[in-house]
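Asks: Attaching a single structure in structure tokens format; questions to follow.
The values are calculated or read from the model by the stated rules, or taken from the named source; none is laboratory data. Note that the structure is a prediction, hence the values are computed from the model and not measured. So basically every Cβ, Gly included, is an ideal-geometry build from the backbone, and we count neighbours across all protein chains shown. What goes into the accessible areas is simple: the full protein's heavy atoms, side chains included, and nothing from ligands, DNA or RNA. Shrake-Rupley method; radii C 1.70, N 1.55, O 1.52, S 1.80 Å.
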Amino acid sequence: MSTLAIDIGGTKIAAAVCDANDSIIQRWRVPTPMDADAINRHIADVYREAVAAGHDVQAIGISAAGNVGADRKTMTFAANIPAWINYNLSENVGALIDHAVPVVVENDANCAGWGEYVHGAGQGSRNMVALTVGTGLGGAIVINGELFRGSFGMAAELGHLPMVPDGDHCGCGLRGCAERYTSGTSLENFAKSAVRRRPQDAGRLLELCGGDVTKLEGPMVSQAAQEGDVLGLYAFGKIGEWLGRTMAAVSAVLDPDIFVIGGGVVAVGDILLEPARYNYARFLEGSAYRGHAKIVAATAGQDAGLIGAANLALR
């Protein structure tokens, strides 16, 4: 028995056949078209290739960036695919394979978080919150061992917690959302602002971006911080502070026993996690009189979304 997992990202579609233990046994990768029909055909083609290769595929699990309805079939909205507005992705893919197997659709952050829960840093916990610090801030919530999707499939949009009244504009249309202060994008913004305010301390960052602060990117800030650069460390301190504030706000509602932090930015380890832990404790309600959640880096790696999609498709 196996499952076909599909991870639809902004630039690529990754696919994998996973065995009964969610281990990946075959992979595919193609560029992501912006046309919904082309995406459907890619998924159907991969399914046929998997079956032709002798895999006993029992279900297709799709991890998709966007809002997924509670039916686990419908994309209610996706920023990158214009057609994905109240779009039944499950039905459209299923029709191309004669509905041979169930097609289950999940939000990409939920898939990555569930992958961490079943095979990564969240193993053994009862109540877990996963946060993915990437271009934005994604979230996944596990309560009593079950993925929590909410009444309308919209739970765990933690990047859109309103953290700063009348704060920076967010792409969702609101202002002051958590991801405006805790993400790879905010890391770049904090670093650029620091360079402009303190050019006397900006030698290393300016060297890395060729003297053009507008070209300063997150990996450059990460490199500088790992080298001990004061402004690189400052930028990570700022997003770590807001990550801690966000986790404290989440704890006031959910009281999890662990936060698992993933995404490319967490590659710097304690440079991000230590300020996050400090500010989590600083802003946690009743901090001195209650248990504190563990705050750890994700361990399932780049395959977490595929693993989670495969596992969830059969649940």
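Asks: Evaluate segment 219-232: report whether one residue or more is among the polar types (S, T, N, Q), open to solvent by 10 Å² or more (accessible area, probe 1.4 Å), assigned by the TED database to the domain that holds Cys177 and within 21 Å of the chain's Cα centre (by Cα).
Replies: Yes, segment 219-232 contains at least one residue that is among the polar types (S, T, N, Q), open to solvent by 10 Å² or more (accessible area, probe 1.4 Å), assigned by the TED database to the domain that holds Cys177 and within 21 Å of the chain's Cα centre (by Cα).
Asks: Could you tell me which numbered condition Asn110 fails, if it satisfies all but one of (1) touching a residue at least 24 places away in the same chain (Cβ under 8 Å); (2) closer than 30 Å to Val253 by Cβ; (3) surrounded by fewer than 23 Cβ atoms within 10 Å (Cβ to Cβ); (4) not basic (Lys, Arg)?
Replies: Asn110 satisfies every listed condition except (3).
Asks: Shifting gears a bit: Is it the case that segment 71-78 has a residue that's modelled with pLDDT of 95 or more and touching a helix residue (DSSP H, G or I) at 6+ places or on another chain (Cβ under 6 Å)?
Replies: Yes - at least one qualifying residue is present in segment 71-78.
Asks: Looking at this structure, is Ala59 over 16 Å from Gly10 (Cβ atoms) and modelled with pLDDT under 95?
Replies: No.
Asks: Yes or no: segment 113-131 includes at least one residue that is crowded, with 24+ Cβ neighbours inside 10 Å and in a loop (DSSP other than H, G, I, E, B).
Replies: Yes, segment 113-131 contains a residue that is crowded, with 24+ Cβ neighbours inside 10 Å and in a loop (DSSP other than H, G, I, E, B).
Asks: Do we find a residue being open to solvent by 60 Å² or more (accessible area, probe 1.4 Å), within 27 Å of Asp255 (Cβ to Cβ) and out of contact with any strand residue (DSSP E or B) (no Cβ under 8 Å at 6 or more places or on another chain) anywhere in segment 63-70?
Replies: Within segment 63-70 (the criterion being open to solvent by 60 Å² or more (accessible area, probe 1.4 Å), within 27 Å of Asp255 (Cβ to Cβ) and out of contact with any strand residue (DSSP E or B) (no Cβ under 8 Å at 6 or more places or on another chain)), the answer is no, since none of the residues qualifies.
Asks: Still on this structure: Suppose the filter is within 21 Å of Gly264 (Cα to Cα) and without any contact (Cβ under 8 Å) to a residue 60 or more places away in the chain; does Gly134 pass it?
Replies: no
Asks: When both residues are 6+ apart or on different chains and their Cβ atoms are under 7 Å apart, which pairs have a first residue that lies in segment 26-45 and is of a type in the set (A, V, I, L, M), and a second that is assigned to a helix (DSSP H, G or I) and open to solvent by 20 Å² or more (accessible area, probe 1.4 Å)?
Replies: These pairs meet every condition: Val30/His42; Ala44/Leu96.
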